[in-house]
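The values are calculated or read from the model by the stated rules, or taken from the named source; none is laboratory data. Because the structure is a prediction, the values reported are computed rather than measured. Positions of Cβ are backbone-derived with ideal geometry, glycine not excepted, and every protein chain shown enters the neighbour counts.
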Amino acid sequence: MFNIGDTVFALWSDTGHYYLGTIVGTQDDKYYVVFADGDQGLVPGNKLQSAEIEEGQKVYAMWTDKRYYPGTIQKVTGLAVYIQFDDGDKGWTSFAGLAKK
């Protein structure tokens, strides 16, 4: 069960990935989510995940080309995360640049 004000990973159906957002309201069995990039939508409760962000977590992260690639969080500093990408690249992104499958 999630509450208004919770930060969550919520499914964005266009891509099939889960992106960070904040629950700002409810409607029936759905949650109104404002995503970190500013998009908004109603998301069913079973399409929300806890937004735990921690070192060692596997994620998809935005690279400089604005595309998402698999990697592992190496460091969390404020709202920024340092990613070791699966292809060997490394770099920083913001919480808004994270996604999960």
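Annotations for the structure displayed:
- Matching option when the condition is touching a residue at least 24 places away in the same chain (Cβ under 8 Å) and either farther than 13 Å from V8 by Cα or assigned to a strand (DSSP E or B) (or both), among G71, G41: G41
- If only residues of segment 27-38 that are at negative phi and in a loop (DSSP other than H, G, I, E, B) are counted, the one that is nearest to the chain's Cα centre (by Cα) is A36.
- Residue satisfying condition, being in a strand (DSSP E or B), without any contact (Cβ under 8 Å) to a residue 40 or more places away in the chain and at negative phi, within set V59, V24, V8: V24
- Inter-residue pairs, beta-carbon under 7 Å, first in the same structural domain as T64 (by TED's automatic domain parsing) and in segment 75-95, second part of a loop (DSSP other than H, G, I, E, B) and among the β-branched types (V, I, T), 6+ apart: V76/I53; V81/I53; F95/I53
- Candidate set: segment 21-73, residues that are of a type in the set (F, W, Y) and touching a Leu at 6+ places or on another chain (Cβ under 8 Å); chosen: the one surrounded by the fewest Cβ atoms within 10 Å (Cβ to Cβ): Y32
- Selection of segment 4-57 for residues being in contact with a Pro (Cβ under 7 Å, 6 or more places away or on another chain) and modelled with pLDDT of 95 or more yields only K30.
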